[in-house]
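Heads up, the thing below is written out as structure tokens.
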Amino acid sequence: PCAMRLLGHRIPAAMRARNLIFVHVPRVAGTSITRALYGEGCIHHYSMRYYRALDPGFAQSADSFAVLRDPFERFASAYAFVRAGGTGLSRLSDVFLRQTADVVSVDDYLCFLEGHGPLDLDFVMRPQSWFVCDPVTQACLVKNLFVLDEDSGALSAYLEPHKIGALP
């Protein structure tokens with residue numbers, strides 16, 4: 001944590017202003033939520049552990065939430081993302097483009113994932129639990145979880161006090 005602070009890692013001002021941590025799990029409509037909450041410059045795929053390490057007091061006192069996705073749908077989305085090398089807004093890094101160049105089928109992708117630990121994978125390939133859970137106890141570290149599409153009404157109601165309307 002000290003090294004992270006020395007290297008300039010900070011809790012974004014927009015996040016502090018809202019007193020709300022949104023843990024952006026990739027391939028779960030998080031870009032739309034992040035832009036609505038914090039604006040353009042705050043799109044990161046940090047885990048709740050990151051925020052807790054960076055500023056434990058803020059992480060404890062702020063409200064926090066994440067949106068998860070049906071694992072099969074997220075897998076399909078991540079596979080398509082990897083096969084395409086990313087999207088127009090978010091490209092797969094050159095390192096991961098090289099590492100996944102031979103992935104031409106779902107079986108290839110599964111073998112690739114099985115051969116790497118979470119820290120050896122691009123964020124889009126990491127399990128959803130990596131972003132929201134303690135790696136040892138598997139306890140959920142965010143205060144509120146929503147499932148994409150299943151909890152749309154509850155998510156809208158949760159975001160309403162933050163002056164967030166309908167998400168695109």
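The values are calculated or read from the model by the stated rules, or taken from the named source; none is laboratory data. Everything numeric in this text was worked out from a predicted model, so none of it was measured. Counting neighbours? That spans all protein chains shown, and the Cβs are built from the backbone with ideal geometry, glycine included.
Tallying residues that are among the aromatic types (Phe, Trp, Tyr) and either outside any helix (DSSP H, G or I) or over 23 Å from Ala29 (Cα atoms) (or both) within the range 103-130 yields 1.
Exactly one residue out of Ser105, Ser93 is at pLDDT 95 or above, of a type in the set (Gly, Ala, Ser) and surrounded by fewer than 18 Cβ atoms within 10 Å (Cβ to Cβ): that is Ser105. Any idea which residue in the range 15-35 is surrounded by the fewest Cβ atoms within 10 Å (Cβ to Cβ), counting only those that are more than 19 Å from Lys143 (Cβ to Cβ) and not hydroxyl-bearing (Ser, Thr, Tyr)? The selected residue is Arg35.
Of all the residues in the range 74-91, those that are without any contact (Cβ under 8 Å) to a residue 40 or more places away in the chain and under 26 Å from Asn144 (Cα atoms) number 2. In the range 139-149, the qualifying residues are those that are at pLDDT 95 or above and either assigned to a helix (DSSP H, G or I) or not hydrophobic (A, V, I, L, M, F, W, C) (or both), and the one that is nearest to Arg27 (Cα to Cα) is Asn144.
Looking across the range 54-97, the residues that are touching a Ser or Thr at 6+ places or on another chain (Cβ under 9 Å) and in a helix (DSSP H, G or I) come down to Phe81, Val82, Arg83.
Considering only the range 25-42, I want to know if a residue exists there that is modelled with pLDDT of 95 or more and within 13 Å of the chain's Cα centre (by Cα). Yes: the range 25-42 contains one or more residues that are modelled with pLDDT of 95 or more and within 13 Å of the chain's Cα centre (by Cα). Of the residues making up the range 36-52, those that are assigned to a helix (DSSP H, G or I) and surrounded by 17 or more Cβ atoms within 10 Å (Cβ to Cβ) number 8.
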